[in-house]
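The values are calculated or read from the model by the stated rules, or taken from the named source; none is laboratory data. Bear in mind the structure is a predicted one, so any value in this text is a computation, not a measurement. Every residue, glycine among them, receives a Cβ derived from its backbone with ideal geometry; neighbour counts consider all protein chains shown.
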Amino acid sequence: MITRVWGLSVAILFATVVLLSFFAYEIPTALWWLFSIVAFGGTAVFVFQQGMTFYVIRRLFEAAFAVLVIATLTFILLRVLPGGPFDSDKALPPEVMANLAAKYNLDAPLFQQYLDYIGGLLRGDLGQSYKYISRDITSIISESLPNSIQLGVYALLVSYLIGIPMGVFAGWKPNSAVDVSCMTFAISGIALPSFLVAPIFILIFVKTLGWFEPALWEGPAYYVLPMLVLGIRPAAVIARLTRASVLEVIHSDYIRTAKAKGLAARTILFKHVLRNSLIPVLSLSGPLAAAILTGSFVIEQIFAIPGVAKHLVLSVSNRDYPLILGATLVFSLFLIVANLITDILTAIVDPRVKMS
Amino acid sequence: MSTATLASTSSPPAASAGPKKGKSLQREALDRLLKNKSAVVSGVVILFVCLVGALAPVLAPYPFDEQFLDRVLIPPSSQHWLGTDSLGRDMLSRLIYGARISMAVGVITAVISLLIGTFYGAISGWFGGWADSVMMRSVDILDSIPSIVLLILVKLVFDAFDVIGNPELKALTGMLLALSLTSWVSLARVVRGQVLQVKQMSYVEAARSMGASGTRVVSQHIMPNIMGPVIVLLTFQIPSNILYESFLSFLGLGLQPPFSSWGVLANDGWRSLQSYPHLMISPGVAIFVAMLAFNLLGDGLRDAFDPQMRGR
């Protein structure tokens with residue numbers, strides 16, 4: 001009972017936050033706090049009750065270790081890659097070189113530089129950009145990150161909202177017309193890269209119908225197309241997985257029992273089939289987040305969305321190594337957190353998942 | 001497909017398949033595959049695209065970078081079947097050369113990641129214990145860097161150290177290196193899982209008790225029995241790598257014009273979809289058909305190797 005109330009309130013709070021952000025309202029800080037406390041506090045209590053504390057702590061340590069390794073890797077790359085802040089055509093006077101070296105902390109011993117770098121990361125300082133003089137990377141990324149997160153969350157929601165119903169309908173009546181059309185959509189969605197879908201959508205919805213905006217990221221009319229295009233491929237993957245999962249569940253013994261008891265089809269679908277068949281879908285959330293992250297590179301490029309991926313692509317041609325590596329760290333952190341949340345949620349939802 | 005003959009299922013034939021006398025498991029898988037129409041058609045399509053790519057210099061009516069400045073941006077005609085682009089280059093020729101790049105990327109990365117992934121996964125699964133945890137933990141860490149970011153980083157390092165002069169070869173090698181590095185990981189996981197499973201089988205124990213060395217057991221007894229899932233995964237990885245190549249080229253981080261790949265062509269064409277749709281349509285259809293074919297063939301192979309998975 002208490003779990004249900006908690007789950008419902010997390011869902012409502014999450015929906016409120018998403019809706020507010022979608023319609024470009026300012027989200028009150030108090031709401032953020034409430035959401036975080038309810039979501040994380042509730043999870044913590046639940047984890048403790050279920051005796052999963054050790055598992056979660058171990059996963060947290062593993063995640064922290066992965067972040068440290070990746071940070072070390074980015075540091076090594078930063079020092080090894082040729083070219084740098086003073087890599088210009090003109091030969092600079094030695095005094096200027098020394099000043100630049102001091103500014104970018106290149107004059108300290110290597111190990112000291114490493115410690116400073118890691119210490120900076122812990123304080124949330126990703127260093128200085130080579131290209132945008134006097135701007136630190138943290139501010140560049142924290143300006144663009146909300147846009148990317150918004151895009152990613154909308155796309156994830158779109159893919160669940162499209163993919164799960166399609167998969168359920170398809171799997172509930174296999175080989176029916178619904179099934180065939182859903183699966184045709186799904187396989188086409190997997191085969192069509194977003195850079196083909198996006199121009200077609202722009203042509204239809206912007207040029208012909210005039211409903212949405214084709215570029216930038218400034219309000220609901222700007223959000224719809226990118227999130228749809230980004231969500232299609234994951235939606236197709238989810239639809240296929242959900243269908244498979246539903247098919248497996250409806251052939252299981254407990255569904256036969258439920259049918260034999262004479263339960264209504266609706267009850268069987270919602271109470272028995274859905275709950276069990278959505279667990280594999282939930283556990284796919286981590287890989288899906290990775291897929292959406294990948295897709296966002298092309299989407300941010302096509303729709304000119306000022307997000308982290310666009311900065312990363314731009315900084316590759318600028319050879320702005322600190323910005324590239326900063327974005328790498330942010331993306332990796334994002335993926336690690338997404339996988340962590342997925343694993344913990346799966347373990348909470350499915351008691352059969354072994355804590356090995 | 002010839003690949004199917006290499007393999008057999010790791011599980012005993014499912015009850016639904018029914019006992020067919022005088023047929024090996026590989027033969028049964030092949031029969032099931034050949035009964036699957038969409039998989040057969042897909043296989044033919046893939047062979048065709050590979051052939052077109054391999055014979056590009058013979059088939060293409062013009063060189064991929066030859067410009068006809070008096071015939072810029074013309075729609076499809078008898079002279080240029082798919083029209084010309086904004087620099088007067090023949091689209092059909094560029095598409096054919098693009099097929100060459102895309103297929104080469106798909107197949108070569110699949111082979112490299114097969115070699116690395118199988119080796120790594122087999123070692124990890126066979127030795128188990130301490131070595132296994134270290135090896136799998138490192139794979140996990142590598143996996144937590146998003147592959148597109150890893151692709152960009154590898155390309156960055158590769159480009160920074162100027163080793164190869166030829167720009168096309170350089171871009172291509174960088175891409176192959178990057179894609180192989182990101183795609184062997186999932187293969188290693190699958191191989192390890194399979195090795196862990198098969199290791200417990202009594203025929204492995206029998207081989208060991210007869211004094212077969214570890215290398216011999218792995219190569220002669222375990223590998224042939226786990227090839228099914230590996231081939232299926234590879235078939236799905238090829239389109240994903242082709243897609244990554246076109247992604248990177250589309251973003252301007254892969255091959256650059258005048259060289260041609262489907263991603264380069266799509267990047268050239270998408271902005272002018274309304275005025276010059278032929279620039280977008282031909283690479284678009286090519287990518288779509290190739291991706292569809294690989295995915296359908298992958299589905300077919302999976303069903304053939306593991307009939308219980310049919311329709312998943």
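Data overview
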| item | result |
| --- | --- |
| Residues of segment B:31-53 satisfying the condition of being under 16 Å from B:Ser102 (Cα atoms) and more than 18 Å from the chain's Cα centre (by Cα) | none |
| Single unsatisfied condition, B:Ser260 versus (1) within 11 Å of another protein chain (Cβ to nearest Cβ); (2) in contact with a Gly (Cβ under 7 Å, 6 or more places away or on another chain) | (1) |
| Flag if A:Ile164 is modelled with pLDDT of 90 or more, aliphatic (A, V, I, L, M) and surrounded by 20 or more Cβ atoms within 10 Å (Cβ to Cβ) | yes |
| Residue identified as away from every other protein chain (no Cβ under 13 Å), under 17 Å from A:Ala66 (Cβ atoms) and in a helix (DSSP H, G or I) among A:Ile344, A:Ile336, A:Ile348, A:Ile279 | A:Ile344 |
| Condition broken by A:Phe65, with the remaining ones in (1) more than 18 Å from A:Val10 (Cβ to Cβ); (2) not in a helix (DSSP H, G or I) satisfied | (2) |
| A:Val178, sole failed condition from (1) farther than 14 Å from A:Gly167 by Cα; (2) surrounded by fewer than 17 Cβ atoms within 10 Å (Cβ to Cβ); (3) in contact with a helix residue (DSSP H, G or I) (Cβ under 8 Å, 6 or more places away or on another chain); (4) of a type in the set (Val, Ile, Thr) | (1) |
| Count of residues meeting criterion [more than 30 Å from B:Gln274 (Cβ to Cβ) and either at pLDDT 90 or above or part of a helix (DSSP H, G or I) (or both)] in segment A:203-252 | 14 |
| Options A:Leu263, A:Leu314, A:Leu230, A:Leu282: the member that is among the aliphatic types (A, V, I, L, M), under 24 Å from A:Ser142 (Cβ atoms) and surrounded by fewer than 18 Cβ atoms within 10 Å (Cβ to Cβ) | A:Leu314 |
| Count of residues meeting criterion [crowded, with 21+ Cβ neighbours inside 10 Å and under 12 Å from A:Gly326 (Cβ atoms)] in segment A:142-156 | 1 |
| Segment A:190-213, residues that are without any contact (Cβ under 8 Å) to a residue 12 or more places away in the chain and within 11 Å of another protein chain (Cβ to nearest Cβ) | A:Ala191, A:Leu196, A:Ile200, A:Leu203, A:Ile204, A:Lys207, A:Thr208 |
| Count of segment A:228-253 residues which are away from chain B (no Cβ under 14 Å) and acidic (Asp, Glu) | 1 |
| Qualifying residues in segment B:129-141 (those that are of a type outside the set (D, E, K, R) and facing chain A (nearest Cβ under 9 Å)) - the one surrounded by the most Cβ atoms within 10 Å (Cβ to Cβ) | B:Ile141 |
| Where A:Thr43 falls short, out of the listed (1) closer than 22 Å to A:Val330 by Cα; (2) under 23 Å from the mean Cα position of the chain (by Cα); (3) touching a residue at least 60 places away in the same chain (Cβ under 8 Å) | (1) |
| Among residues of segment A:160-205, those that are farther than 30 Å from A:His272 by Cα, under 27 Å from the mean Cα position of the chain (by Cα) and not small (Gly, Ala, Ser), counted | 10 |
| Helices (runs of 4 or more DSSP H) fully within segment B:185-292 counting 1 or more residues that are out of contact with any Cys (no Cβ under 9 Å at 6 or more places or on another chain), crowded, with 24+ Cβ neighbours inside 10 Å and not basic (Lys, Arg) | B:223-250, B:262-269 |
| Matching entry among A:Ile141, A:Ile164, A:Ile137, A:Ile187 (being in contact with a His (Cβ under 9 Å, 6 or more places away or on another chain) and in contact (Cβ under 8 Å) with a residue 24 or more places away in the chain) | A:Ile141 |
| Segment A:198-227: number of residues that are surrounded by fewer than 20 Cβ atoms within 10 Å (Cβ to Cβ) and among the aromatic types (Phe, Trp, Tyr) | 4 |
| Residue match in segment A:214-227 (condition: over 21 Å from the mean Cα position of the chain (by Cα), more than 13 Å from every other protein chain (Cβ to nearest Cβ) and at negative phi) | yes |
| Of all residues making up segment B:70-86, the number that are of a type in the set (A, V, I, L, M) and either at pLDDT 80 or above or in contact with a Cys (Cβ under 9 Å, 6 or more places away or on another chain) (or both) | 1 |
| Residue match in segment A:109-124 (condition: among the small types (Gly, Ala, Ser) and farther than 30 Å from A:Leu19 by Cβ) | yes |
| Number of positions in segment A:294-315 that are touching a helix residue (DSSP H, G or I) at 6+ places or on another chain (Cβ under 6 Å), part of a helix (DSSP H, G or I) and farther than 13 Å from A:Tyr132 by Cβ | 12 |
